[in-house]
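Here is the structure we will look at, set down as C-alpha cells.
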Amino acid sequence: MRLCERLRLPATQAAVLLHALQSGDTARRAIVLSPKAAGKNYQPPFPCESRERYSWLPENVFLPGEGVNPAQHADYAAGMYYVLDLSSCWEGAALSAVSSVPERSLDLCAAPGGKTMLLAARFPLKDHIANEVQARRRGILRENLLRCGVENTQVTGLRPDQWAGQGKEFDLLLVDAPCSGQSLLCKGIPNPGCLGSAAVNGNAKRQRGIMLQAVRCVRPGGYILYTTCTYDPEENERVIAYLLRRTSSWQAEEIPLLAAFRSDLCHFPAYRLLPHHGCGAGGFCCLLRRLL
Ligand SMILES: C[S@@+](CC[C@H](N)C(=O)[O-])C[C@H]1O[C@@H](n2cnc3c(N)ncnc32)[C@H](O)[C@@H]1O
C-alpha cells in the first residue's frame with residue numbers, strides 16, 4: 001500500500017499497520033485525572049492495568065482494565081477524569097519537554113477538550129484559552145471542561161487568522177490539527193477516503209495555513225505543540241518542514257521521553273506512534289520553540 005511506502009515501513013511493521021487499519025481493534029482507552037481529582041489521592045474505582053511499559057505516561061493517567069468502560073461510571077459523570085485514547089496521552093507526553101510552567105496558553109483546536117485536559121494534568125493552568133471554531137463542538141468542549149472542573153480557562157471560537165491578528169503572544173500553543181484521521185480506521189471508526197490523496201493534500205494545505213497563523217501567536221522562547229491523529233507524512237513531517245523553511249526563528253525540540261518514537265522521515269526531532277508500538281491507534285507530535 002502506498003501509505004506504507006511513504007512511511008518507509010519494514011514489511012513486519014507494514015503488515016501490523018495494514019491489519020490494524022482493516023480490523024479496527026487498536027484503540028486503547030486511557031483516563032486522565034481531572035483538576036477535580038487532583039491533590040485528593042484519588043484512585044480510579046475500577047481495576048487498572050500496569051503502566052510499567054509506558055515510561056512516558058504521567059502519574060495521573062491510568063489504563064482501565066479489560067472490559068471496563070470508564071465513561072459509564074458515576075465518577076466520569078462527576079468529572080473526576082476524562083477518557084481518551086492512549087495515543088492522545090502519548091502526544092501529551094511531548095509537554096514534558098516544555099521547560100517552564102506556561103503563564104498564558106492557547107489550545108487552538110480544542111474540542112472536545114482532550115489536549116486541554118492533558119495540559120491541565122501536567123501544569124496548573126494560569127491563563128488558558130480553549131478555542132474551537134465549530135459552534136457545536138465548542139458546546140461539547142465547554143461541557144467537558146465544566147464537568148472536569150478545569151479552571152482559569154476561557155472558551156472561544158476564533159479562527160487561527162483572527163488569533164494571529166490579535167497581537168497576543170502566548171507561552172504555549174497547542175495545535176491538535178484537523179487531519180485526515182487515518183488512525184480512526186484502527187479504532188474501528190469508518191472514515192471513507194481518509195487514505196486518498198484528496199483528503200491528505202486538502203488537510204495538509206489547511207494544516208500549513210493554521211501553522212502559519214499559529215507562529216504569529218507565540219512569544220520568543222515560547223512553544224507550539226503540533227499533533228495529529230493521522231499517519232501520512234504529508235500532514236505531519238512535511239507540514240513542519242514547510243514551516244521551518246518559511247520561518248527562520250523556530251526549531252523543533254528534542255523530547256527525550258519519546259526518543260524511542262523518533263521519526264526517521266525528517267532531519268529534525270519529530271515523533272510518530274504506529275500500531276506496532278502497541279500504545280493505541282497512533283499519532284504524530286512535534287514540539288516547536290521560537291528562538292527570537
Ligand atoms: C483533532 S480535533 C481536536 C481534538 C482536541 N484537541 C482534543 O484533544 O480533544 C481538531 C479540531 O480542529 C477544529 N478545526 C477544523 N478546522 C479548523 C481550522 N481551520 N482552524 C482551527 N481549527 C479547526 C475542528 O473543529 C476540531 O475540533
**Request:** Considering only region 174-192, state which residues are more than 18 Å from residue 281 (Cβ to Cβ) and out of contact with any Asp or Glu (no Cβ under 8 Å at 6 or more places or on another chain).
**Result:** 175
**Request:** Would you please name the residue that is modelled with the lowest pLDDT, looking only at residues in region 26-41 that are open to solvent by 30 Å² or more (accessible area, probe 1.4 Å) and under 25 Å from residue 153 (Cα atoms)?
**Result:** 39
**Message:** Go through (1) modelled with pLDDT under 95; (2) closer than 25 Å to residue 237 by Cα for residue 179 and report which single condition fails.
**Reply:** (1)
**Complete:** Of the residues in region 184-239, those that are touching a helix residue (DSSP H, G or I) at 6+ places or on another chain (Cβ under 8 Å), in a helix (DSSP H, G or I) and either open to solvent by less than 10 Å² (accessible area, probe 1.4 Å) or within 13 Å of the ligand (Cβ to nearest atom) (or both) number 16
**Fill in**
Log entry, pairs with first residue in region 84-108 being under 13 Å from residue 121 (Cβ atoms) and open to solvent by 20 Å² or more (accessible area, probe 1.4 Å), second being within 10 Å of the ligand (Cβ to nearest atom) and at pLDDT below 95, beta carbons closer than 6 Å, six or more apart or on different chains, reads none
**Item:** Complete set of residues in region 156-183 that are part of a helix (DSSP H, G or I) and open to solvent by 40 Å² or more (accessible area, probe 1.4 Å)
**Value:** 161, 162, 165
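Of the residues 105, 99, which single one is part of a strand (DSSP E or B) and farther than 30 Å from residue 45 by Cβ? Steps first, please.
Working: 99 fails: part of a strand (DSSP E or B).
Only one candidate passes the filter, namely 105.
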**Request:** Test residue 222 against the stated conditions and say whether it is in contact (Cβ under 8 Å) with a residue 24 or more places away in the chain and at positive phi.
**Result:** no
**Asked** Quick one: how many residues across region 104-134 are more than 9 Å from the ligand (Cβ to nearest atom), more than 21 Å from residue 167 (Cβ to Cβ) and among the aliphatic types (A, V, I, L, M)?
**Response** 4
**Request:** Would you be able to say whether some residue in region 57-73 is farther than 15 Å from residue 119 by Cα, out of contact with any Phe, Trp or Tyr (no Cβ under 9 Å at 6 or more places or on another chain), in a loop (DSSP other than H, G, I, E, B) and modelled with pLDDT under 95?
**Result:** yes
**Residue under evaluation residue 168, criteria (1) under 26 Å from residue 86 (Cβ atoms); (2) modelled with pLDDT under 95, criterion not met** = (1)
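So in region 109-141, with the set limited to residues that are assigned to a strand (DSSP E or B) and either among the aliphatic types (A, V, I, L, M) or open to solvent by 50 Å² or more (accessible area, probe 1.4 Å) (or both), which one is nearest to residue 179 (Cα to Cα)? Don't jump to the end; show me each part of the working.
Step one: filter region 109-141 for residues assigned to a strand (DSSP E or B), giving 127-131.
Narrowing further to those that are either among the aliphatic types (A, V, I, L, M) or open to solvent by 50 Å² or more (accessible area, probe 1.4 Å) (or both): 127, 129-130.
Numbers: 127: 27, 129: 21, 130: 19 Å.
Of everything passing the filter in region 109-141, 130 is nearest to residue 179 (Cα to Cα).
Taking only region 28-54 into account, find how many residues are in a loop (DSSP other than H, G, I, E, B) and either small (Gly, Ala, Ser) or under 24 Å from residue 186 (Cβ atoms) (or both). Spell out the reasoning first.
Initially, region 28-54 is screened for residues in a loop (DSSP other than H, G, I, E, B), giving 28, 34-47, 50-54.
Still in the list and also either small (Gly, Ala, Ser) or under 24 Å from residue 186 (Cβ atoms) (or both): 28, 34, 37-39, 50-54.
Of the residues in that region, 10 qualify.
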**Asked** Condition test on residue 137, is it farther than 21 Å from residue 282 by Cα and more than 14 Å from the ligand (Cβ to nearest atom)?
**Response** no
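The values are calculated or read from the model by the stated rules, or taken from the named source; none is laboratory data. This one's a predicted model, so the numbers in the text were calculated from it and none came from an experiment. Using ideal geometry, Cβ is built from the backbone for each residue, glycine included, and neighbour counts are taken over all protein chains shown. Surface areas here come from the heavy atoms of the whole protein model, side chains and all, with no ligands, DNA or RNA. Shrake-Rupley method; radii C 1.70, N 1.55, O 1.52, S 1.80 Å.
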